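Have a look at the structure below before the remarks.
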Amino acid sequence: MSIRALWILSPKEMDAKFLIYSKRFPVVEKKERLWCSQNNSRKYQPLPDDGEICAAIAQEIGIGADLNVYSESRDSCNKVSQKPVYEIDGKIWPMVIYEKHGLVFACLPLVNDSSNSRPPIISIPGVSIGLSLLDSLANIVAPAASSLTPTHSKLTEINEFLTAGVPFGTPVDLNPSTAKLQAKFTTSINPQKKQPAWKPSIVVPKTRNQISIAIKEEIRASIYNRAGISDVWDLYGSVMCKVDFEGKPDITATLFVSPKSPALIGVQMHPCVYVDESDESTKGSFLRRKIRFSPPTELFNLCNYISPMPSLPIKGIYEMKGDQVVKVSLNLQLDGSVTNSFEYCEVYIPIFNRGPILKIEVSAGTSNVGPVALAQDKKRIIWNIGTKFPRNLEATLNAVVLFGNKITDKVHVDDEFCIGKNAYAQIRFKINSFTFSSCQLDPHSVNTSPNAHYKSNYVTEFAASQYRIWNSFGDAPIALTQNLQNEVSEKKLSQQY
């Protein structure tokens with residue numbers, strides 16, 4: 001379960017010039033050479049230089065190339081797709097490639113298999129570990145992903161993480177927070193001081209005892225506003241916890257939702273939670289539940305849940321029509337149960353596969369909330385609603401958008417689906433000290449065993465993940481449910497007869 005090498009690449013220009021970071025592990029590479037020399041079933045394949053790797057990855061995942069041009073190695077029907085595992089340059093396998101935050105992360109796990117044929121991916125533990133490693137790297141560089149360069153300070157954090165969490169290419173801890181703690185406290189450990197057997201960690205907090213709990217809820221939605229098609233949404237949340245205590249206490253806390261809200265479902269608890277099989281609230285859903293757990297030292301996900309809320313926090317109608325001159329109309333309605341106090345609330349209206357936006361003419365008296373601006377790429381309208389909706393909880397935007405001439409020799413299309421009237425408006429918002437499902441933690445219910453004085457931190461937030469309102473005049477991607485499939489079949493039969 002070792003990693004031969006890893007790379008962080010910019011998808012803008014996939015060559016060595018735009019290689020952001022690379023790391024090779026000579027110890028693991030030596031293991032690969034020794035293995036191949038001792039087992040005649042596989043020939044040792046040295047890794048190409050970084051420039052060749054970048055070009056091969058770009059070719060394999062179709063970045064920086066004309067997708068309309070057929071490529072045998074990429075587009076052949078005989079090729080078995082096993083994403084996120086790829087074969088690079090016809091000889092480097094299994095390359096794990098992961099795209100996140102606008103960057104491309106890749107790593108090559110070590111495969112020790114004596115068979116003549118390639119083993120099934122599911123039997124290679126290095127693949128799943130490599131994917132977890134790439135996800136950890138993506139989370140580390142996330143705050144600076146848009147401006148990441150080979151000289152950025154975030155790469156120092158990458159080196160520290162790899163030193164502590166992946167020593168000599170063998171992953172031992174892929175949690176960035178614990179790896180950071182380990183690197184921070186390694187030099188402060190007194191080797192002459194004997195560690196008590198009951199104490200699970202050598203890391204002793206330098207601050208006072210404290211318990212930090214955060215409930216973060218997100219919603220993703222597709223709003224269609226058309227007959228026969230229901231809007232769809234998913235409301236889900238997680239309870240994050242960080243306990244800084246000397247020793248290892250047991251902690252109890254109570255989670256609950258309002259009696260007016262539906263019970264939480266699909267509840268998944270962290271392994272550190274003690275489960276009482278006789279308690280009906282542990283069967284996957286609850287309105288109120290007392291949780292007892294023995295926390296690890298790092299930040300961890302105490303539980304995940306889903307809330308089947310029957311309504312949307314923000315309803316909307318989006319209408320867009322026209323070609324060179326486009327009329328845009330957007331109406332938003334905030335649900336009365338939502339706290340009208342946002343950290344931010346803005347709407348992105350992308351209009352793809354046209355020329356650059358030259359001018360936005362907002363109809364007088366219609367944009368009653370917040371300014372309207374043009375994004376830097378001149379393909380998106382940004383409507384900044386701000387921190388509050390008006391008293392009537394409605395926000396309206398009517399505008400006319402003028403476009404320049406479309407660039408006809410462009411290789412890529414902006415979006416293969418959003419052509420013509422196929423368009424959407426995406427809402428981004430965040431509300432602090434609020435959850436739409438009404439899931440809360442009772443601060444007075446938090447207790448420790450043994451009893452100890454501690455500081456308590458408790459926060460909640462509700463945010464939009466992918467919240468889209470589709471143009472009423474265009475088409476929209478819709479999941480084909482059984483009922484909808486039956487309706488389509490009936491219409492086809494009626495047309496035949």
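Here, each number is a calculation from the coordinates, and none is a lab measurement. Note that the structure is predicted; figures quoted are calculated from it, not measured. For neighbour counting, all protein chains shown are included, and Cβ atoms are generated from backbone atoms with ideal geometry for every residue, glycine included.
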Inset, instruction - Give the residue from 266, 228, 245 lying farthest towards the positive end of the charge dipole for region 216-270; charges sit on Cβ (+1 for Lys and Arg, -1 for Asp and Glu) and the dipole is referred to the Cα centre. - result: 228
Legend entry - Cross-link table 216/248; 100/378; 290/315, entries beyond 32 Å C-alpha to C-alpha: 290/315
Legend entry - Convex hull of Cα atoms in region 3-184, direction-averaged projection (nm²): 10.8
